[in-house]
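Have a look at the structure below before the remarks.
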Amino acid sequence: FQGIFVLGLPYALLHSGYSGLFLIILAAALCCYTGKILIACLYEENEDGQLIRVRDTYEDIANACCKKLPPKLGGIFVNVTQVMELIMTCILYLVVSGNLLSHSFPYVPVTEKTWSVIAFVTLLPCVFIKTLKIVSKLSQLCSLVHFIIILVVMTYCLTQMHQWSWAKFRLSVEFEDFLVSVGVIIFSYTSQIFLPTLEGNMKNPGEFRCMLNWTHFFACVLKTTFALTAFLTWGEETKEVITDNLPSFLQTLVNLCLLTKALLSYPLPFFAATEIVYACISRGNHPNYRSPLFALGVRGSFLLLSLLMAMFIPHFALLMGLTGSVTGAAMTFLLPSLFHLKLKWKKLSFFEKSADITVFILGFLCSIGGIVCSIKGLLEVFG
């Protein structure tokens, strides 16, 4: 929940004002709710009324909901959406790496895109990652670096408390900018694609709902505190990546820490995306699809794809907003509520049905609006 994309939240507040604070809280509540109903779709009651886990993945839920459609169409759609979100996450890591390097070494005559290529070269060993054991070790280091970054930024902001003013918040906001901010905020909470695996590996799955409540609560508090203190410090001068606002003596240090975090974070979504694709392809009977060389080719292709996309769309906040509006909204709001209604309709109360329908409608409207505004923003930049 506290990934590198938290750095875009102060920029979201710049364009959403007071409503942005409300959105951070609302998004936490809605994401917590959809996480619970998604896990509920994994279970069915047996003859004795006991809940039994009959499904294991998001794909299994989708296939169960689409039995009357062509075989496994639902699972294919979910897998495509998951891969899109994971690859977009990888692209964002490359984009932010290029941005951080260019701001850390402004006197070096190298463009931001070239810096992204340099960062990409350091990620080439990812094609040889075969298990989560290596990824988990990198993620541990990533968490430590993230703690240092947030501590430094928050400490600096607190030293500037004498400059804070609530007048920096907007009472009225531009509708298009507001919708882009919605996408950024949603994307900072997305975790649904990992929840079925997480719940299935818990020592006591019965504590899942309690765990989800507390993690979303603390994530909401931390995100709100970080975004608020950073925005109150810089106001209208808040940049897409908040660390760009830091004074030069801190900026280089923090940017290098962020670069380390981005590069250490890259293997997890990259590994997850390539594993989904490889698993789908290798289900065929052709022996070549299961060869190590073919797996290497899949990972290499995805690595190259993330670089090409990062080169063509080098705009952190707009890309994050577009990703949140497309895949984030679908996986976080639309599909969980739709699947819950489909699988549990006869057992849901009127209030639960109304809640699911409301979440679906809100997710759909935010998704459509965010997509239109993010694409328009990207077209204006390229225009």
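The values are calculated or read from the model by the stated rules, or taken from the named source; none is laboratory data. Note that this is a predicted model, so its numbers are computed, not measured. Note that we place each Cβ from the backbone using ideal geometry, even for glycine, and neighbour counts take in every protein chain shown. Note: areas computed on protein heavy atoms with side chains; ligands, DNA, RNA excluded. Shrake-Rupley method; radii C 1.70, N 1.55, O 1.52, S 1.80 Å.
Quick look at the values:
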read-out: Largest-first principal axis extents, alpha carbons of the stretch 1-56, Å; value: 54, 22, 11
read-out: Solvent exposure, largest accessible area first (probe 1.4 Å, DNA, RNA and ligands not counted), of Lys133, Lys68; value: Lys68, Lys133
read-out: With all protein chains modelled, accessible area of His340 [1.4 Å, Å²]; value: 20 Å²
read-out: Accessible area (Å², per residue) of the chain, counting only protein heavy atoms and a probe of 1.4 Å; value: 48 Å²
read-out: Helix-only CD estimate at 222 nm, as mean residue ellipticity for the chain, using -39500 (n - 2.57) per DSSP H run (n ≥ 4); value: -23000 deg cm²/dmol
read-out: Model label zone, His162; criterion: amide N under 17 Å from point 7 Å along Cα-to-beta-carbon; scope the stretch 228-245; value: 233-234
read-out: Gaussian network model of the chain, Cα within-10 Å springs - most flexible of Gly49, Gly35, Gly20; value: Gly49
read-out: Where N is the number of residues in the stretch 89-179, Cα Rg divided by 2.2 N^0.38 Å; value: 1.52
read-out: The stretch 5-382 - percent relative contact order, Cα under 8 Å, separation 6 or more; value: 34 percent
read-out: Backbone HN-Hα couplings from phi across the stretch 204-217 [Karplus 6.51/-1.76/1.60, Hz, Gly and Pro as x]; value: 10, x, x, 8, 4, 4, 5, 4, 5, 4, 5, 5, 5, 4
read-out: Within the accessible area of the stretch 5-382 (1.4 Å probe), percent carbon and sulfur; value: 70 percent
read-out: Rounded accessible area of Cys210 (nearest 10 Å², 1.4 Å probe); value: 70 Å²
read-out: Once the Cα gyration tensor of the stretch 1-119 is diagonalised, semi-axes √(5λ) in Å; value: 40, 21, 12
read-out: Degrees, to the nearest 10: 175-187 long Cα axis against longest axis of the chain; value: 60 degrees
read-out: Read-out Rg and Dmax of the Cα atoms in Å, derived from the coordinates shown; its label in [x] 19.6, 55; [y] 21.9, 76; [z] 21.2, 71; value: [z]
read-out: Tilt relative to the chain, helix 73-104 - C-alpha long axis, 0 to 90 degrees, to 10; value: 10 degrees
read-out: Calculated over the stretch 102-258: convex hull of Cα atoms, volume per residue (Å³); value: 178 Å³
